[in-house]
Structures are given as C-alpha cells and as structure tokens.
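Have a look at the structure below, then the notes.
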Amino acid sequence: MGSVGAFFSKVQQSGVLPASTSAEDAAGAVLGTLAQRLSGGEVRKLLDSLLPELSALLQRYPVQRGEQGKTFGKQEFIRRVASQLRVEDEDAEVIARTVLQATRLALTELRAKSS
C-alpha cells in the first residue's frame, strides 16, 4: 500500500462507504475516535507510526497532550463514529473495521520497508 492514496483507495473500494462518505472522512472519524481513547503518549506513537498524510488528517481532532484517554467500550466507539459520519451504528461498525484493517496493513508495510 505504501501511499496515502493507496490507503484511501482500499477504504473507498471496499464497498462499505455510503455515497455521502469519503474515505478521508471515514478514516478521520475512526482514527480520531481511536485517538480519543489513547493517552497523549500513545497518540504521539500512533501519529509517528502513520503515513504523514494520515497523521495530518488527525490534526483536525483534539489530541491529548500527556493526559489520560477517555474510557469507553466498543459500542460507544461505534456510536461516536456513527454520529460523526451520520450513519447507522451497524454501518459505522463495518466502516471502522475496514479503516482499521487498512491502517493495520499500511503499518505492516511501513515496518517492512524500514527493516
């Protein structure tokens, strides 16, 4: 995958996004919600691990600075993503899974290139 364009293509071509939702919006909602659960140090590690363009995308979201992340479970995570994307919870869950799988693949490829 290696590029942010390929990342967004993977998400867009997955077929799970409603017509009104771009891959960039989906990635921002999912990764932004994930960042809310992490402490400031964990957020910094996440940002440092991502492709620079994805890290920049997260700058639109409040990022904790050394503070403890918010505690919420899977259902609240899905509800927050659904609210941001204005979709049903069931759709948000599939979107979140797709974005997280694409993120995992991108991280794996980045690690392989740096080894």
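Structure above, values below:
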read-out	value
Residue that is surrounded by the fewest Cβ atoms within 10 Å (Cβ to Cβ), among those in the range 58-83 that are hydroxyl-bearing (Ser, Thr, Tyr) and at pLDDT below 90	THR71
Within the range 1-16, considering residues that are at pLDDT 90 or above and within 14 Å of the chain's Cα centre (by Cα), the one surrounded by the most Cβ atoms within 10 Å (Cβ to Cβ)	VAL11
Residue selected from the range 98-108 under the condition without any contact (Cβ under 8 Å) to a residue 12 or more places away in the chain and not hydroxyl-bearing (Ser, Thr, Tyr), by the criterion farthest from ALA26 (Cα to Cα)	ARG104
Any helices (runs of 4 or more DSSP H) falling wholly within the range 1-62 and containing at least 2 residues that are among the small types (Gly, Ala, Ser) and in contact (Cβ under 8 Å) with a residue 24 or more places away in the chain	23-37, 40-49
Selection status of THR103, modelled with pLDDT of 95 or more and closer than 21 Å to PHE8 by Cβ	no
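The values are calculated or read from the model by the stated rules, or taken from the named source; none is laboratory data. Note that the structure is predicted; figures quoted are calculated from it, not measured. Don't worry about glycine lacking a Cβ; one is built from the backbone with ideal geometry, like all the others, and counts go over all protein chains shown.
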